[in-house]
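Report on one structure; see the data block that follows.
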DNA sequence: CAATGGCATGGAAACGATTTCACATCCGGA
DNA sequence: TCCGGATGTGAAATCGTTTCCATGCCATTG
């Protein structure tokens, strides 16, 4: 491998001078500069970034830790991040933590040891101390996907309260009065927020709030299936179901179909996340689409701002992006007694 | 930041000894080892990986260069790669090169300067010399997505010839005799291979090969639209169209619908790639699905094998994965004169 | 008991770049 | 003419870690 030494020898100057040329130091004679540049080109020399880091130059990578790139939401977010950071000359280190704390900790350790100075993360639960540690070591942080009030970090997320309110309003507007909700675990900010929006919509429409219609589970397909089965046994059965993410929607869809019911004739189904986890659902499901690419883009911009120190560390930014309701075939007016009589 | 020096001081030993403990060198007394480990834990010390690289230790990152993560095919491939490399203790550096040579070269330069020893790449056109340069510098290479006969690199791809043969056979089996093809540019291996499979299927069925049914364009939605419009003007019009990738399919779909024709009644549409570029298409399009995750997994395994030197550099591996035909609603028996009379 | 060898450990060099410091030269102004 | 400052350059120190080499000790052996 060719080093700065080889370049210096070929150009007939010292290593210091080569370094100066490479770093745009003005105290170099024009002729010397050209000799050095010629030698660099000749030898196809690129400085090793890890050697520069030894002298305190910051890393040229930033990290992105998400739960799963193969989830189209995160794939698009990733692309948004990458477009911005690559434009500014950074490389992107990607980690899929699957919302697991242990796996996430592995990544964080590796980030620390690799000298990376900035990270965007969709964090797992209970990782406050891990994140604090990073922040203490001077790593710039932007948290995405959730509302996550960490004082050292910026935060970009979609308004879950407003989003589920939109979804619920959509159903209420169609005439639904008995709407089931399936969400994530108790204590999960997102899971709770999405219920809050639902309650808000119900309150605004002066509808009664029946607690048995609200099911807390886990953001998984299996959980969506089970909780939905439970909702379907209620009497009277809800005429619509709102799921708090795409996996829950996939499970719920499965449960509804398995129960011999038809969407949207017997029951309407709407969900957060515009994600084709079940291909058959993709084109039909009424969803609240999240601005995925945009979220990555904004997060990356905030991150670089922080890393370049153009904003005091205490100035915490919180960007709340709006979701967009995409009404599709899975939601319709509820079938009323009159309809049944007519049908 | 805490360094090995701090650990040494706290443990009351030399830096050499700390290093030995960290690297599992057996020539360390049990008691000393424990003292060191205690100090490491106490100070929460992690060695800087860039400092170790200075002494010739290999990088703990590998690179993955693809055209676009937000393409679900690549997203899933990425996940496959990441799962394998992370399990083996590596980090993944991701680059989206958009099939652009310039952007790709940027990434390759950065890889070189960062000391990364292994890369998986879905290369842009005309990048042979760039890749050779990497190989010359000792970077292990695995090429994915294409058949790409670079002597220094392993290669994992889906059998395009067989895949398009399957698609064409599917149509022929349904009774289609006049099948249009829209593919990528002349000279593109994949574009050509996908036509080859089509020709093969036609030949095997003793069908005449009409050259005007074969359209070379660019792997873009716009190109799919234009070329499809052209095919629709032919007389007699083809009863089915085979597109060589998902973007072409999206364009062709648009063209067909815009022309007032209906799928599959007036014309069947089948395509390579199981990718919902147009959501409405996702659940209906007959496709040849590529084993995306698997491809990433296999590529990563080959890469690590190479990097760990468990296989001589001259032993080039080529893995050809089979595609899977997914018959769906967009393909059907052609409407015959009899049908028209009946209808 | 002296020589030998293995073992635990520390000191110092080395990796490839940047940066500080020192030195020489040159210029303009007093 | 002499001095101060700017300018161009090289030598040397430095970053954090690994590794080679040297050293001292203890146990074994003849």
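Mind listing just one residue for me: the one in segment B:63-76 that is modelled with pLDDT of 95 or more and more than 9 Å from every other protein chain (Cβ to nearest Cβ) and, of those, farthest from residue A:3 (Cα to Cα)?
B:66
Every residue in segment A:2-21 that is closer than 11 Å to residue A:47 by Cβ and more than 9 Å from DNA strand D (Cβ to nearest atom), please.
A:2, A:3, A:4, A:7 - these are the residues of segment A:2-21 that are closer than 11 Å to residue A:47 by Cβ and more than 9 Å from DNA strand D (Cβ to nearest atom).
For residue A:157, work out the one condition from (1) within 12 Å of another protein chain (Cβ to nearest Cβ); (2) at pLDDT 90 or above it doesn't fulfil.
(1)
State yes or no: is residue A:100 more than 16 Å from DNA strand D (Cβ to nearest atom), touching a residue at least 24 places away in the same chain (Cβ under 8 Å) and exposed (fewer than 15 other Cβ atoms within 10 Å of the Cβ)?
Numbers: more than 16 Å from DNA strand D (Cβ to nearest atom): yes; touching a residue at least 24 places away in the same chain (Cβ under 8 Å): yes; exposed (fewer than 15 other Cβ atoms within 10 Å of the Cβ): yes.
Taking the combined requirement at face value, the residue satisfies it.
Can you pull out the helices (runs of 4 or more DSSP H) entirely within segment B:1-92 that have at least 3 residues that are closer than 23 Å to residue B:309 by Cα?
Values: elements: B:4-11, B:15-22, B:30-43, B:49-54, B:72-87.
So the answer is B:49-54, B:72-87.
Looking at segment B:202-225 only, could you name the residues that are out of contact with any strand residue (DSSP E or B) (no Cβ under 9 Å at 6 or more places or on another chain) and closer than 30 Å to residue B:68 by Cβ?
B:218, B:220, B:221, B:222, B:225
Quick one: which strands (runs of 3 or more DSSP E) lie wholly within segment A:142-238 and hold at least 2 residues that are under 22 Å from the mean Cα position of the chain (by Cα) and crowded, with 21+ Cβ neighbours inside 10 Å?
On the way: elements: A:154-158, A:179-183, A:214-216.
Correct list: A:154-158, A:179-183.
Among the numbered conditions (1) surrounded by fewer than 23 Cβ atoms within 10 Å (Cβ to Cβ); (2) more than 8 Å from chain A (Cβ to nearest Cβ); (3) at pLDDT 95 or above; (4) away from DNA strand C (no atom under 16 Å from the Cβ), tell me where residue B:119 comes up short.
(1)
Condition first: in contact with a helix residue (DSSP H, G or I) (Cβ under 7 Å, 6 or more places away or on another chain) and facing chain B (nearest Cβ under 8 Å). Now tell me which residues in segment A:84-110 satisfy that.
Once the filter is applied, which keeps residues that are in contact with a helix residue (DSSP H, G or I) (Cβ under 7 Å, 6 or more places away or on another chain) and facing chain B (nearest Cβ under 8 Å), segment A:84-110 yields A:91, A:92, A:94, A:95, A:96.
Spot the failing condition for residue A:138; the list is (1) at pLDDT 95 or above; (2) at the interface with another protein chain (Cβ under 9 Å from one of its Cβ atoms); (3) part of a loop (DSSP other than H, G, I, E, B), and only one is missed.
Failing condition for residue A:138: (1).
Exactly one of (1) within 16 Å of DNA strand D (Cβ to nearest atom); (2) under 26 Å from residue A:297 (Cα atoms); (3) at pLDDT 95 or above is unmet by residue A:109. Its number?
Of everything listed in (1) within 16 Å of DNA strand D (Cβ to nearest atom); (2) under 26 Å from residue A:297 (Cα atoms); (3) at pLDDT 95 or above, residue A:109 misses just condition (3).
Among the residues of segment B:29-62, write down those that are surrounded by 17 or more Cβ atoms within 10 Å (Cβ to Cβ), within 13 Å of DNA strand D (Cβ to nearest atom) and away from chain A (no Cβ under 13 Å).
Once the filter is applied, which keeps residues that are surrounded by 17 or more Cβ atoms within 10 Å (Cβ to Cβ), within 13 Å of DNA strand D (Cβ to nearest atom) and away from chain A (no Cβ under 13 Å), segment B:29-62 yields B:36, B:39.
Out of the residues in segment B:51-68 that are touching a helix residue (DSSP H, G or I) at 6+ places or on another chain (Cβ under 8 Å) and near DNA strand C (Cβ under 9 Å from one of its atoms), state the one that is nearest to residue B:83 (Cα to Cα).
B:53
If you go through segment A:1-27 one residue at a time, how many are surrounded by 18 or more Cβ atoms within 10 Å (Cβ to Cβ), within 11 Å of DNA strand C (Cβ to nearest atom) and farther than 24 Å from residue B:114 by Cα?
Residues meeting the conditions: 0.
The values are calculated or read from the model by the stated rules, or taken from the named source; none is laboratory data. Nothing here was measured: the structure is a model prediction, and the numbers come from that model. Glycine gets a Cβ as well: all are built from the backbone with ideal geometry, and neighbour counts include every protein chain shown.
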